[in-house]
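This report concerns only the one structure given below.
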Amino acid sequence: MKTIPIPDPPVPALEVRSVSKNYGAVRALDGITLSIPRGELFGLLGPNGAGKSTLINIITGLVRRTSGDVKVFGYDVERDYRATRSLLGAVPQELIYDHFFTVRQTLKIQSGYYGLTGNAAWVEELLERLELKEHENKTIRELSGGMKRRLLVAKAMVHRPAILILDEPTAGVDVALRRSLWNLVRQVHAQGTTVVLTTHYLDEAEELCERVGIINHGVFVALDRKETLMQQIHNRRVTMELGARVERLPEDLASLGATLSEDGRRITLLVDRSDGSLQSLVAALGRESLPLVDFQVAGAGLEDVFLELTAEPSRGAGSRGPAGVAR
Amino acid sequence: MSLSGAASLLPIPFRTLFYREVHRFFIVINQTLLAPVISAVLYLFIFGFSLGNRFGSFHGFSYLHFLVPGLVMMGLVNNSFQNPSSSLMISKFEGNIVDILMAPIGHVEIILGYMLGGMFRGLLVGTSILLVSSFFAPPPFSHPVYLITVALLSAALFSLLGIVAGIWAEKFDDLAMFPTFIITPLTYLGGVFYSISILPPFWRKVSLLNPLLYMINSLRFGFLGVCDVNPWWSLASLAVLDAALFGVCYAMLKSGYRLRR
Ligand SMILES: Nc1ncnc2c1ncn2[C@@H]1O[C@H](COP(=O)(O)OP(=O)(O)OP(=O)(O)O)[C@@H](O)[C@H]1O
Ligand SMILES: [Mg+2]
């Protein structure tokens, strides 16, 4: 394969400028702008149907943008498609594979599509690292769902892409393998690969990603460093364990939005640390004599950020509108 | 230079795609090779032996000799069409078409990969039919170079048509329309089983609009040295049709028609 020259650093790994996509009447992306510097591990989050896969597919060339610009290391994804596709490796969201071939043949063919024949050692390493070695002669039908997912990851990496894009790579993968997949992602990232990761497991994004973009209805509702986003969240989740069953939630706790569990032994509520609700809570607890045995205050995680920013107005009573919005 | 040495000069993505296309039909060889050969042999028996006696002779050749080129062409075009069209349709249906759509493969390489895969299968089936029927009616191979050229161009034409159909079709039913409403009628009416000289003048004129008629007669010219049409004019039109269909495939891939949403 001809190696594609990568231009010098000011050019970002990925540059998405005002990209929109209409599927007929559906506006899947509405002017997305995003720049990913080389070497970043970026998390692309958002609820179902937000437009994540559409954005990824526009970058990989599976979907054509309606308007806007997408550049991979400065190359346009439509005009210079051979260059951009050589630089990209993508794990698609759907479990798709070619039934006619075994695991090993699949990787050999995939290498061939990228113009490679001399990458046997690397393919071997991928098989080992993704724990597919013992399944290498199985046909795709004989693989479990998690093995198929790992094969897709191996396929995306046969040509050592400069940018690795993973659209929900850990869906259906068991806990141990999820860890080893994370390690693999961290490793290739440490070796300089730019990584874009989509996931619905927010702990995964929290653990792996440096910067996070949350997309909803085709626009970014947040785009910032992970820590910065989590600091913007004012809510604290308070959990109180009770030593004895309580029949009814005290009135002044209920008015703060607390809920009592079915067994009457746990009270939970979200408090906003910016509007004095925490003080009201402490005061209320002083008035009521509850059989408290444990009291926990949990700081905001990425999940809270996510929930707050993507809450639908009709459902999310506590929604305060987007924080840290980058429209 | 050895064959594999020569092959190594071709782009790897193209070779990979060609390998995939050939491997795919070899896995289901009964369906892809044996079935068409058996049906050709059945035609040979039913028409050649039973009805053939009523036919008389064609420029001094027996009916069996007349029949073989048509049967070879029938196997050739059907299978050249089948390979890329069903491959593309299955890939779209199962989703693995994205492997090719995401890879840095040029449009021409994609077309050639699918086309040569289809041609290989078409020519393999055609040759097998020829081998089997040679037991009963060995043809004189009057114009071998012409014969090979026509076979290659015809296989290419129907492989290209298969690519167009495979990209265009949105379900298997769409694809089935091609053999049912186009290829089979045109082959049957294209003089596989009869010479158009036996037709009334009106129907003879209508038949002359059928491209398969020219292809079948050209092949017959290559095998027997005689046919119903001008073989050189046919060859030229066949080459033009090939180029035009290649252009259609190229335009479809370039625009992403039905492949890239
Ligand atoms: N081929 C298509 N034709 C029409 N509409 C589509 C098509 N693909 C996606 N959409 C629509 O575009 C919007 C965005 O879809 P997309 O697949 O990008 O969401 P997503 O963020 O990846 O969701 P998920 O988390 O469920 O994978 C949705 O409203 C979806 O229905
Ligand atoms: Mg998706």
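The values are calculated or read from the model by the stated rules, or taken from the named source; none is laboratory data. Note that this is a predicted model, so its numbers are computed, not measured. With ideal geometry, Cβ positions are generated from the backbone for all residues, glycine too; neighbour counts draw on all protein chains shown. When the accessible area is computed, the model is the full protein with side chains, heavy atoms only, and any ligands, DNA or RNA have been set aside. Shrake-Rupley method; radii C 1.70, N 1.55, O 1.52, S 1.80 Å.
If I filter segment A:54-66 for residues that are more than 10 Å from ligand 1 (Cβ to nearest atom), among the polar types (S, T, N, Q) and farther than 29 Å from residue B:105 by Cβ, do I get at least one hit?
No; the residues of segment A:54-66 include none that is more than 10 Å from ligand 1 (Cβ to nearest atom), among the polar types (S, T, N, Q) and farther than 29 Å from residue B:105 by Cβ.
List pairs: first in segment B:93-110 and more than 7 Å from chain A (Cβ to nearest Cβ) and over 21 Å from residue B:248 (Cα atoms), second at pLDDT below 95 and open to solvent by 20 Å² or more (accessible area, probe 1.4 Å), Cβ under 8 Å, 6+ apart or cross-chain?
What qualifies is B:93/B:172.
Do we find that residue B:162 is farther than 16 Å from residue B:228 by Cβ and crowded, with 17+ Cβ neighbours inside 10 Å in this structure? Give the steps one after another, and end with the answer.
Numbers: farther than 16 Å from residue B:228 by Cβ: yes; crowded, with 17+ Cβ neighbours inside 10 Å: yes.
It is true that residue B:162 is farther than 16 Å from residue B:228 by Cβ and crowded, with 17+ Cβ neighbours inside 10 Å.
How many residues are more than 14 Å from residue A:204 (Cβ to Cβ) and in a loop (DSSP other than H, G, I, E, B) if we restrict to segment A:148-173?
Looking only at that region, the number is 5.
Against the condition surrounded by fewer than 19 Cβ atoms within 10 Å (Cβ to Cβ) and at positive phi, how does residue B:181 come out, does it pass?
For residue B:181, the condition - surrounded by fewer than 19 Cβ atoms within 10 Å (Cβ to Cβ) and at positive phi - is not met.
Pick from segment A:95-134 the residues that are farther than 26 Å from residue B:111 by Cβ and free of Cβ contacts under 8 Å to residues at least 12 places away in the same chain: which of them is nearest to the other protein chains (Cβ to nearest Cβ)?
This residue is A:118.
Among the numbered criteria (1) within 14 Å of chain B (Cβ to nearest Cβ); (2) more than 22 Å from the chain's Cα centre (by Cα), which one does residue A:67 miss?
Failed condition: (1).
Of the residues that make up segment A:101-111, is at least one under 15 Å from residue B:96 (Cα atoms) and within 16 Å of ligand 1 (Cβ to nearest atom)?
no
Given the conditions (1) within 14 Å of chain A (Cβ to nearest Cβ); (2) under 20 Å from the mean Cα position of the chain (by Cα); (3) open to solvent by 20 Å² or more (accessible area, probe 1.4 Å), report the number of the one that residue B:33 does not fulfil.
Every condition holds for residue B:33 apart from (1).
In contact (Cβ under 8 Å) with a residue 24 or more places away in the chain and within 16 Å of ligand 2 (Cβ to nearest atom): which single residue out of A:88, A:29, A:41 fits that description?
Numbers: A:88 fails: within 16 Å of ligand 2 (Cβ to nearest atom); A:41 fails: within 16 Å of ligand 2 (Cβ to nearest atom).
The unique qualifying residue is A:29.
Looking only at segment A:5-23, filter to residues that are open to solvent by 40 Å² or more (accessible area, probe 1.4 Å) and farther than 18 Å from residue A:52 by Cα; which one of those is modelled with the highest pLDDT?
Filtering segment A:5-23 down to residues open to solvent by 40 Å² or more (accessible area, probe 1.4 Å) leaves A:5-11, A:15, A:17-18, A:22-23.
Adding the requirement that they be farther than 18 Å from residue A:52 by Cα leaves A:5-11.
Values: A:5: 79, A:6: 80, A:7: 77, A:8: 76, A:9: 74, A:10: 77, A:11: 87.
Step by step, filter segment A:5-23, then rank; the result is A:11.
Quick one: is residue A:84 touching a strand residue (DSSP E or B) at 6+ places or on another chain (Cβ under 8 Å), of a type outside the set (Asp, Glu) and either away from ligand 1 (no atom under 16 Å from the Cβ) or more than 13 Å from chain B (Cβ to nearest Cβ) (or both)? Before you say what the answer is, go through the steps one by one.
Numbers: touching a strand residue (DSSP E or B) at 6+ places or on another chain (Cβ under 8 Å): yes; of a type outside the set (Asp, Glu): yes; either away from ligand 1 (no atom under 16 Å from the Cβ) or more than 13 Å from chain B (Cβ to nearest Cβ) (or both): yes.
Here the answer is yes, as residue A:84 does meet what is asked.
Take residue B:81 and decide whether it is crowded, with 24+ Cβ neighbours inside 10 Å and more than 14 Å from chain A (Cβ to nearest Cβ). Lay out the reasoning, then the answer.
Details: crowded, with 24+ Cβ neighbours inside 10 Å: yes; more than 14 Å from chain A (Cβ to nearest Cβ): yes.
Considered against the rule, which asks whether it is crowded, with 24+ Cβ neighbours inside 10 Å and more than 14 Å from chain A (Cβ to nearest Cβ), residue B:81 comes out as yes.
Scan the helices (runs of 4 or more DSSP H) fully inside segment B:150-234 and keep the ones with 2 or more residues being within 17 Å of the chain's Cα centre (by Cα). Can you show your working first?
Details: elements: B:172-177, B:184-188, B:201-207, B:211-224.
Output list reads B:172-177, B:184-188, B:211-224.
Criterion first (within 14 Å of chain B (Cβ to nearest Cβ) and under 27 Å from residue A:305 (Cβ atoms)) does residue A:4 satisfy it? Walk me through how you get there before you give the answer.
Values: within 14 Å of chain B (Cβ to nearest Cβ): yes; under 27 Å from residue A:305 (Cβ atoms): no.
So residue A:4 fails the test.
Given the structure, is residue A:193 away from ligand 2 (no atom under 16 Å from the Cβ), more than 30 Å from residue A:9 (Cβ to Cβ), among the hydroxyl-bearing types (Ser, Thr, Tyr) and open to solvent by 10 Å² or more (accessible area, probe 1.4 Å)? Walk me through how you get there before you give the answer.
On the way: away from ligand 2 (no atom under 16 Å from the Cβ): yes; more than 30 Å from residue A:9 (Cβ to Cβ): no; among the hydroxyl-bearing types (Ser, Thr, Tyr): yes; open to solvent by 10 Å² or more (accessible area, probe 1.4 Å): yes.
Judged against the criteria, residue A:193 is not a match.
Which members of segment A:46-83 meet the condition of being out of contact with any Gly (no Cβ under 7 Å at 6 or more places or on another chain), without any contact (Cβ under 8 Å) to a residue 60 or more places away in the chain, away from ligand 2 (no atom under 16 Å from the Cβ) and open to solvent by less than 20 Å² (accessible area, probe 1.4 Å)?
A:61, A:70, A:76, listed by residue number.
Could you check segment A:156-188 and list, in sequence order, the residues that are within 16 Å of ligand 1 (Cβ to nearest atom), of a type in the set (A, V, I, L, M, F, W, C) and within 14 Å of chain B (Cβ to nearest Cβ)?
A:165, A:166
Count, please, the residues in segment A:292-327 that happen to be open to solvent by 50 Å² or more (accessible area, probe 1.4 Å) and either modelled with pLDDT of 80 or more or assigned to a strand (DSSP E or B) (or both).
6
Going residue by residue through segment B:101-123, is there one that turns out to be in contact with a Pro (Cβ under 9 Å, 6 or more places away or on another chain), farther than 30 Å from residue B:255 by Cα and of a type in the set (A, V, I, L, M)?
No - not one qualifying residue is present in segment B:101-123.
Within 30 Å of residue A:77 (Cα to Cα), out of contact with any strand residue (DSSP E or B) (no Cβ under 7 Å at 6 or more places or on another chain) and away from chain A (no Cβ under 14 Å) - does that describe any residue in segment B:204-217? Step through it out loud before you land on a result.
To start, the set of residues in segment B:204-217 that are within 30 Å of residue A:77 (Cα to Cα) comprises none.
No: segment B:204-217 contains no residue that is within 30 Å of residue A:77 (Cα to Cα), out of contact with any strand residue (DSSP E or B) (no Cβ under 7 Å at 6 or more places or on another chain) and away from chain A (no Cβ under 14 Å).
For segment B:111-128, indicate whether the set of residues that are open to solvent by less than 50 Å² (accessible area, probe 1.4 Å), in contact with a Cys (Cβ under 7 Å, 6 or more places away or on another chain), at pLDDT 95 or above and not basic (Lys, Arg) is non-empty.
yes
Kindly provide the set of residues from segment A:201-221 that are within 24 Å of residue A:20 (Cβ to Cβ) and either among the acidic types (Asp, Glu) or within 16 Å of ligand 1 (Cβ to nearest atom) (or both), ordered by number.
First, pick out the residues of segment A:201-221 that are within 24 Å of residue A:20 (Cβ to Cβ): A:211-221.
A:212, A:213, A:214, A:215, A:216, A:217, A:218, A:219, A:220, A:221 - these are the residues of segment A:201-221 that are within 24 Å of residue A:20 (Cβ to Cβ) and either among the acidic types (Asp, Glu) or within 16 Å of ligand 1 (Cβ to nearest atom) (or both).
Report, ordered by the first and then the second residue, all pairs with beta carbons closer than 8 Å, sequence separation of six or more or different chains, a first member in segment B:144-160 that is closer than 13 Å to residue B:218 by Cβ and of a type outside the set (Phe, Trp, Tyr), and a second member that is open to solvent by 20 Å² or more (accessible area, probe 1.4 Å) and not in a helix (DSSP H, G or I).
Every condition considered, the pairs that remain are B:147/B:141.
With segment B:1-120 as the region, which helices (runs of 4 or more DSSP H) entirely inside it contain at least 1 residues that are in contact with a Lys or Arg (Cβ under 7 Å, 6 or more places away or on another chain) and within 30 Å of residue A:61 (Cα to Cα)? Write out each step before concluding.
Details: elements: B:3-7, B:12-27, B:35-43, B:63-94, B:97-101.
Fully inside segment B:1-120 and qualifying: B:3-7, B:12-27, B:63-94, B:97-101.
Can you pull out the strands (runs of 3 or more DSSP E) entirely within segment A:204-262 that have at least 2 residues that are open to solvent by 60 Å² or more (accessible area, probe 1.4 Å) and farther than 30 Å from residue A:37 by Cα?
Numbers: elements: A:211-216, A:219-225, A:235-242.
Correct list: empty, since no element meets the threshold.
Report, ordered by the first and then the second residue, all pairs with beta carbons closer than 6 Å, sequence separation of six or more or different chains, a first member in segment A:248-261 that is on the phi > 0 side of the Ramachandran plot, and a second member that is at pLDDT below 90 and surrounded by 12 or more Cβ atoms within 10 Å (Cβ to Cβ).
That search, which allows pairs on different chains as well, returns A:257/A:269.
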